[in-house]
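Peer 1: Sharing a structure below in C-alpha cells format, with a few things to ask.
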Amino acid sequence: MKILYFTATGNSLAVAKKIAAEENGELISIPQVMNGENLNYEDDVVGFVFPTYGCMIPFVVKNFMKKITVKADYTFAIATYGMSSGAILDEAEHVSEIAGYPFDYVNKVLMLDNCQPQFDIAKQKEALPKKNVEEKTDAIMKDIQNRAKGHPKTGFSDKAGTNFCKILGMGKPNPKYDNSFSVDENCIKCGTCAKVCPMANITVTDHVEYHHNCCTCQACIHACPTHAIHFKSERNTERWRNPEVSLKEIIQANDQKNR
C-alpha cells in the first residue's frame, strides 16, 4: 500500500498514519514529490489523504492528482474537514476519473477546523471530543481493509457550499493570500515557518518574507513556536497541531529543502 498525503497541521497525516499502520503501508508526502520526474505509483493499493480547503481539494493536491500515473488493484481517497466538506468526494471521483485511475472508495473524516480567522480554535478544541474522530477513522480503516467501494451521498447543502466557494474564487492559487499575514515582535527568526511551508514561500533572514506563492494551508501560523505569525483579523492566538503528529513530521513532509 502507498498513501499519498498532504498535511499542514497534522490532521490528514494522523489519518494517513493510522491507515498505513494496519497494512504496513508506505507514506508519501505530496509536497516532497510533486515537482519530481518519477510520478508513477504502482502497488496493490494506492490511496490519498488530504484536507478540505473551501469545500474543495487543495489546488496543490488536485494538480498533483491530475499529472501522476497510478496502477493499483484498489484506490481510495479520504478527505479531512472541519465545518463542511462540501462536494469534495464528488470532486475527488471526478478528478481521478479524468486522470485515469477512478477511485474505488472515497470517504471523509470530520475533525477540528483550524482555518484562521474563520474559527475560534479554542472553541474548536473544546468541541473536538464530540466529533468522534477515532471511531470514524476506524470505520474507514475497516472499509479499506475490506476493499469496500462507493462513497457517502453528497447532499444539496454540500454541493451548494462548494459552488459558493467557487464563486468566491476559492480552490485556486491566490497570490494575495499571504498579504493577510503579519509577523510581530515575538518572532525569534527560528525558520520553523519556512520549514513547514510546502510551497517554499517563506524566507527568514533578519525578518520573515512571504513571496506570494501561498497555497493557503496556514501551516506557518499554527507551527510558529512563539505565535508570532497572525491573520490580521484572527479571533485569538490559539493554535493547533494534531496531537498524534509531531512538528518534526510536518517539517519532514513539507520542507522543500528535503526534496
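The values are calculated or read from the model by the stated rules, or taken from the named source; none is laboratory data. Given the structure is predicted, the values throughout are model-derived calculations rather than measurements.
A quick yes/no check of all residues on (1) assigned by TED's automatic domain parsing to the domain that holds T162; (2) within 22 Å of K142 (Cα to Cα); (3) not polar (S, T, N, Q):
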position: S12; (1), (2), (3): yes, yes, no
position: E23; (1), (2), (3): yes, yes, yes
position: P31; (1), (2), (3): yes, no, yes
position: G47; (1), (2), (3): yes, yes, yes
position: P58; (1), (2), (3): yes, no, yes
position: M83; (1), (2), (3): yes, no, yes
position: E91; (1), (2), (3): yes, no, yes
position: H94; (1), (2), (3): yes, no, yes
position: Q124; (1), (2), (3): yes, no, no
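Peer 1: Condition test on I144, is it assigned by TED's automatic domain parsing to the domain that holds Q118 and either more than 29 Å from F76 (Cα to Cα) or more than 19 Å from the chain's Cα centre (by Cα) (or both)?
Peer 2: yes
Peer 1: Please go through the stretch 233-257 and pick out each residue that is under 19 Å from the mean Cα position of the chain (by Cα) and of a type in the set (S, T, N, Q).
Peer 2: Answer for the stretch 233-257, where residues must be under 19 Å from the mean Cα position of the chain (by Cα) and of a type in the set (S, T, N, Q): N242, S246, Q252, N254, Q256.
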